[in-house]
Amino acid sequence: MPVKKIMVVDDSPTERHILTDLLTRHGYDVVAADCGEKAIVMSREELPDLIIMDVVMPGMNGFQATRTISRQETTRHIPIIMCTSKDLETDKIWAMRQGAQFYLVKPADQDELLAKIASFA
C-alpha cells in the first residue's frame with residue numbers, strides 16, 4: 001500500500017513547516033501534531049500511512065508516544081520514523097525498542113527521508 005498521508009510530530013513550528021513543505025511538494029497529504037499527546041489522539045483519528053516523530057518535546061516525549069502508538073490495536077500497523085537531534089547509539093536502540101522502524105538525526109537528509117518513506121510503500 002503506497003504512503004499517501006503522513007503525520008509530522010514536532011514541537012518546533014519551523015521543523016513542522018520544513019517537513020510539511022517538503023512532503024507536500026512530493027505529493028503527500030500531511031497532518032501535524034505539536035506534542036506526543038496530540039500525536040496519539042490524531043493517529044487514531046487520522047490513521048496516517050506513516051508518522052515522522054520528534055523525540056524531545058514538552059510533556060510526553062516521542063519515545064513515549066511511539067511506544068503508545070505502536071502498541072495500540074488501531075495504530076500499531078503505522079510505521080514510525082524517528083527524526084530527532086538526539087544522535088547517541090543508545091537513543092537509536094531505545095527508539096527501535098519503542099516501536100520505531102527507522103531513525104534519522106536532524107537536520108535530516110531530505111533525499112534519505114524521501115527514500116525511506118518510499119520504501120514503506
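Derivation of every value follows stated rules applied to the coordinates shown; laboratory data play no part. Quick caveat: nothing in here was measured; it's all calculated off a predicted structure. Here the Cβ positions follow ideal geometry from the backbone for every residue, glycine too, while neighbour counts run over all protein chains shown.
Below, the figures for the structure above:
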| quantity | calculated |
| --- | --- |
| Residue identified as touching a residue at least 12 places away in the same chain (Cβ under 8 Å), surrounded by fewer than 16 Cβ atoms within 10 Å (Cβ to Cβ) and over 16 Å from Asn61 (Cα atoms) among His17, His26 | His26 |
| Enumeration of residues in the stretch 1-50 that are in contact with a Pro (Cβ under 7 Å, 6 or more places away or on another chain), β-branched (Val, Ile, Thr) and closer than 15 Å to Pro79 by Cβ | Ile6 |
| Tally, over the stretch 57-82, of residues that are among the small types (Gly, Ala, Ser) and free of Cβ contacts under 8 Å to residues at least 40 places away in the same chain | 2 |
| Residue list for the stretch 53-82, filter: surrounded by fewer than 16 Cβ atoms within 10 Å (Cβ to Cβ) and among the polar types (S, T, N, Q) | Gln72, Thr74 |
| Residue match in the stretch 71-81 (condition: of a type in the set (D, E, K, R) and part of a helix (DSSP H, G or I)) | yes |
| Subset of the stretch 83-103 [free of Cβ contacts under 8 Å to residues at least 60 places away in the same chain, under 23 Å from Ala121 (Cα atoms), surrounded by 18 or more Cβ atoms within 10 Å (Cβ to Cβ) and hydrophobic (A, V, I, L, M, F, W, C)] | Ala95, Ala100, Phe102 |
| Single match in Ala108, Ala39, Ala100 (criterion: out of contact with any Phe, Trp or Tyr (no Cβ under 6 Å at 6 or more places or on another chain), closer than 17 Å to Ser12 by Cβ, not aromatic (Phe, Trp, Tyr) and not in a helix (DSSP H, G or I)) | Ala108 |
